[in-house]
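Please treat every number below as a calculation from the coordinates, not as lab data. None of these values were measured; they are calculated from a predicted model. Cβ atoms come from the backbone with ideal geometry, glycine included; neighbour counts cover every protein chain shown.
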Amino acid sequence: MTDIDGRAGEAVRPKRADARRNERALLDAAAEVFVRSGVEAPVREIAAEAGVGVGTIYRHFPTRADLIVAVYRHQVEACAEAGPELLATSGSPHAALRRWVDLFVDFLVTKHGLAAALQPDNAGFDALHAYFLDRLVPVCARLLDAAAEAGEIRPDTDAYGLMRGVGNLCVGADNDPRYDARRMVELLVAGLRRP
């Protein structure tokens, strides 16, 4: 069994529904703060955003690295779960793909600074990256396949390549206020359309 912090092999008692909701709310708040202020944001800012005391955060996540990893995993899961939901509820597969890529960009923005925060633990970072690929590449591939089958995009688009391209367009966006990474990603996704 693996809990939200990624601890495997430990005997973990299932959390009550309200405890799971509270933990999700805390992780959502932390992700918002990370987007706004980076992963080095003060814990008190995260606590204020979540509407809890600082002690509550430390009780769930004893170290900053624990919190960062939990937010990362939480967002990977949210992004993975969004793919099928968007396919079922969007007007077209391409619209679902476009909305999913927006979520992926949000995730990439939150992920900024993760490598530096986890640098002492390269094995942990490598495991998180493998987890990220295992969960998200198939979701992206499913969205691309659906859009290709609908005749909306070119059929030869590789999920990993698209995700890598989106990631590369997002790199360094915070260093240049004139650069609009989200606009560049929109152009990339629009360029997938079949003429």
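In this structure the amide hydrogen of Ile153, modeled in the peptide plane, comes within under 5 Å of the amide hydrogens of Ala148, Arg194, none closer than 5 places in sequence on its chain.
Adding -39500 (n - 2.57) for every DSSP H run of four residues or longer, then dividing by how many residues the chain holds, sets the calculated 222 nm ellipticity at -22500 deg cm²/dmol.
3J(HN,Hα) along segment 187-194, derived from phi through the Karplus expression 6.51 cos²θ - 1.76 cosθ + 1.60 where θ = phi - 60°, amounts to 5, 4, 5, 5, x, 6, 4, 6 Hz, with x in place of Gly and Pro. Here's the picture: charge each Lys and Arg Cβ at +1 and each Asp and Glu Cβ at -1 in the chain, and of Ala41, Ala65, Val166 the one pushed furthest to the positive end of that dipole is Ala41. Comparing Cα centroids, segment 131-195 and segment 22-59 end up 29 angstrom apart. If R0 is taken as 41 Å, the Cβ-Cβ distance between Leu133 and Thr56 corresponds to a FRET efficiency of 0.80. Principal-axis analysis of the Cα atoms of the chain puts helix 159-170 at an angle of about 70° to the longest axis. Normalised Debye scattering of the chain at q = 0.10, 0.11 Å⁻¹ gives log10 I(q)/I(0) of -0.46, -0.55, counting only Cα atoms as equal scatterers and leaving out solvent. Taking R0 as 30 Å, what's the FRET efficiency between Tyr179 and Ala88 from their Cβ-Cβ distance, rounded to 0.05? Plugging the Cβ-Cβ distance into 1/(1 + (r/R0)^6) gives 0.30.
Dividing the convex hull volume of the alpha-carbon atoms in segment 50-104 by its residue count gives 91 Å³ per residue. Rounded to the nearest 20, the Cβ-based charge dipole of segment 137-195 about its Cα centre (Lys and Arg +1, Asp and Glu -1) stands at 100 debye. Couplings 3J(HN,Hα) for segment 23-35, derived from phi with the Karplus relation 6.51 cos²θ - 1.76 cosθ + 1.60 (θ = phi - 60°), are 5, 4, 4, 5, 5, 4, 5, 4, 4, 4, 5, 4, 5 Hz, where x marks Gly and Pro.
When the chain is described by a simple charge dipole with +1 on each Lys and Arg Cβ and -1 on each Asp and Glu Cβ, the residue from Ala130, Asn22, Leu103 located farthest towards its positive end is Asn22. When you count the other C-beta atoms within 10 angstrom of each residue and take the mean per peptide, 29-38, 56-65 line up highest first as 29-38, 56-65. When the chain is treated as a Gaussian network with alpha carbon springs shorter than 10 Å, the biggest mean-square fluctuation among Tyr160, Tyr72, Tyr179 belongs to Tyr179. Computed about its Cα centre, the charge dipole of the chain is approximately 240 debye, with only Lys, Arg, Asp and Glu carrying charge at their Cβ. Of the trypsin sites (Lys or Arg not before Pro) in segment 126-195, the ones in a loop by DSSP (not H, G, I, E or B) with at most 11 other beta carbons within 10 Å are Arg178.
Candidates Ala146, Val76, Thr56 compared by Cα position along the dipole of the chain: farthest toward the positive end lies Thr56, with charges placed on Cβ.
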